[in-house]
Amino acid sequence: MNGKESDPAISVNNLSKSYGSFLALRGIDLTVNRGEVFGFLGPNGAGKTTAIRCMLDLIRRDTGTVCVLGKDPQSDPVRVRELCGYLPGELRLDENISVHSILKYLRELRGGGKNCYIRARDLAERLDLNVRSKIKNLSKGNKQKVGIIAAFMHCPDLLLLDEPTSGLDPLIQQTVLEMVKESRRSGSTVFFSSHVLAEVQTVADRVAIIREGQVVESGETSSLLSGRAWRMKVVFAENTVLRTHEIEALSGITLDEVSSDGQELKLIIDGGMDELIKELAGYKVKSIETERPDLEEVFLSYYGEVSEMESIGKK
Ligand code: ATP
């Protein structure tokens, strides 16, 4: 164990970073506990890559403190990078050598032994990557796999993954998420940035949402979802005469849509479930479907679909 076991894996306080006059990080605070999977969400240009680079001192922070596995990456950069597996957002690899040679080179740099070699070989097989291929002949997704293997092969204490599933097909994305879960099971900490809300929701224990260089929300994935409105669709038996005004009058219930034949209601439920069930008991109900809120709603409540689309368009 590196650093004290009670130290967080990552502790960031009041971290700021500017590029010229542009302030990319505006005093962010983050704590990532040991052994957890932490999802770092935000639209294009929010500051995710900048934050990760500051955590490894690949770029110099302006102000604030950063502690990674009990060490300041600014004063102990070599040790911090040794302990971490890092997948950069923009991977640059020597184009003229084979996957096998590049992994061998990285393994030797890290002082990785036979276990590291076996693991790299197994991961390549799992990710369906031909290690004899030259880097220049690989597709974008296959190059991403090389970066993933390089980050995972030495079983680091902390994985810092900048959009790990970007450019991968859905099956391989699932494999990478499995690898993230396996790393957690074996005691590693995983910090990963993503735009893909569904994957963050599936694997992350905790989440932070960053917007324009500021952390606007953070907490346990489950608690970000609890306390959010649920959606319900109620289908009534034919010829039911609904007293919609009575349903609408219930506190915490919003009538979202009534079908043209008046036999189907869509409701938004933000409390008042018990009263609603009692009200519905007065009708002949054919079916009830409820839809859990998901992280996408939480995310969009911070950005709004328009601003998210604008930022995607900027890329
Ligand atoms: P994405 O999801 O698109 O990768 P991000 O959240 O990782 O975005 P960053 O790459 O950290 O965002 O960029 C944050 C902001 O800083 C953006 O506005 C970006 O244009 C700006 N930026 C990043 N790197 C530089 C640089 N080297 N010089 C100037 N501005 C930069």
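The values are calculated or read from the model by the stated rules, or taken from the named source; none is laboratory data. Being a predicted model, the structure only gives us computed values, none of them experimental. Note that each Cβ is placed from the backbone with ideal geometry, even for glycine, and that neighbours are counted across all protein chains shown.
Here is how the numbers come out for the structure above:
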| item | result |
| --- | --- |
| Pick from the stretch 41-62, criterion touching a Phe, Trp or Tyr at 6+ places or on another chain (Cβ under 8 Å) and outside any helix (DSSP H, G or I), ranking: farthest from residue 151 (Cα to Cα) | 43 |
| Test for residue 11: is it within 13 Å of the ligand (Cβ to nearest atom), more than 20 Å from residue 90 (Cβ to Cβ) and part of a strand (DSSP E or B) | no |
| Residues that are closer than 16 Å to residue 178 by Cβ, within 13 Å of the ligand (Cβ to nearest atom) and touching a Phe, Trp or Tyr at 6+ places or on another chain (Cβ under 9 Å), drawn from the stretch 189-208 | 192, 194 |
| Among the residues listed as 199, 246, the single one being assigned by TED's automatic domain parsing to the domain that holds residue 70 and not in a loop (DSSP other than H, G, I, E, B) | 199 |
| Any hit, the stretch 280-292, residues being of a type in the set (A, V, I, L, M, F, W, C), touching a strand residue (DSSP E or B) at 6+ places or on another chain (Cβ under 9 Å) and crowded, with 19+ Cβ neighbours inside 10 Å | no |
| Failed criterion for residue 186 (all others in (1) free of Cβ contacts under 8 Å to residues at least 60 places away in the same chain; (2) within 16 Å of the ligand (Cβ to nearest atom); (3) surrounded by fewer than 19 Cβ atoms within 10 Å (Cβ to Cβ); (4) not charged (D, E, K, R) hold) | (2) |
| Enumeration of residues in the stretch 67-92 that are within 15 Å of the ligand (Cβ to nearest atom) and surrounded by 15 or more Cβ atoms within 10 Å (Cβ to Cβ) | 86, 87, 88, 89, 91 |
